[in-house]
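Peer 1: Structure below; questions to follow.
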Amino acid sequence: MKNKRAASKTSAGRKRRGRGQNAAARRRTGRRWSRHVTEHSDALTLEKGVFTSRDPKRIAASLKRSAEKSRRRKGSPFRSALSMLTFYINRAGKSLPASRRKNLMRAKDELRKQFGKA
């Protein structure tokens with residue numbers, strides 16, 4: 001009987017410790033890790049404010065320039081640019097307004113056209 005109680009206390013203690021460590025890590029690193037990725041990506045050096053533009057053609061052109069200029073990327077320029085755009089859309093999640101999401105999705109189509117993949 002004592003062994004069962006000891007085991008359940010230990011597993012409950014582990015769960016509590018785990019939650020506390022995650023919360024502390026979250027406070028330490030902040031909530032904007034995806035912002036850090038877009039600003040300091042190893043694949044692309046993006047132009048400032050590239051995703052805030054309302055023009056899909058301008059967004060696509062900027063991503064294309066960044067991808068073609070980059071010497072650190074591992075894949076093709078097209079894949080790197082599309083990957084960064086998809087990452088931005090996915091990480092914005094529910095907080096991204098429908099109009100901006102629509103704009104960014106149009107930028108994906110424009111990026112395909114500019115790279116001749118459409």
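The values are calculated or read from the model by the stated rules, or taken from the named source; none is laboratory data. All values derive from a computational prediction rather than experimental measurement. Backbone-built Cβ (ideal geometry, glycine too); neighbour counts: all protein chains shown. Just the protein is used for accessible areas: all its heavy atoms, side chains included, with ligands, DNA and RNA removed. Shrake-Rupley method; radii C 1.70, N 1.55, O 1.52, S 1.80 Å.
Peer 1: Sort D42, D109 from largest to smallest accessible area, using a 1.4 Å probe on the heavy atoms of the protein chains.
Peer 2: Sorted descending by solvent-accessible area, the residues read D42, D109.
Peer 1: Moving on to the next point. For K102, list the aspartates and glutamates whose Cα falls under 19 Å from its own Cα; do not include residues on the same chain fewer than 8 positions away.
Peer 2: The reachable aspartates and glutamates, counting only those whose Cα sits under 19 Å from K102, are D55, E110.
Peer 1: Another one. Leaving ligands, DNA and RNA out of it, rank R112, R32 by accessible area with a 1.4 Å probe, largest first.
Peer 2: Final ranking, largest accessible area leading: R32, R112.
Peer 1: Please label the shape of region 66-118 as rounded, prolate or oblate, based on the square roots a ≥ b ≥ c of the eigenvalues of the alpha-carbon gyration tensor (a/c under 1.5 means rounded; beyond that, a/b larger than b/c means prolate, else oblate).
Peer 2: oblate
Peer 1: Could you compute the FRET efficiency for V37 and Q114, with r as their C-beta to C-beta distance and R0 at 22 Å, rounded to 0.05?
Peer 2: Given R0 = 22 Å and the Cβ-Cβ separation, E is 0.40.
Peer 1: Moving to a separate point now. My understanding is that a pair violates if its Cα-Cα distance is over 23 Å; which of K74/K94; K69/K94; K94/K117; K57/K117; K64/K94 do that in this structure?
Peer 2: K74/K94; K69/K94; K94/K117; K64/K94
Peer 1: For region 29-118, rounded, prolate or oblate, judged on the Cα gyration tensor with a ≥ b ≥ c (square roots of eigenvalues), a/c < 1.5 rounded, else prolate if a/b > b/c?
Peer 2: It is oblate, given that a/c is not under 1.5 and a/b is not larger than b/c.
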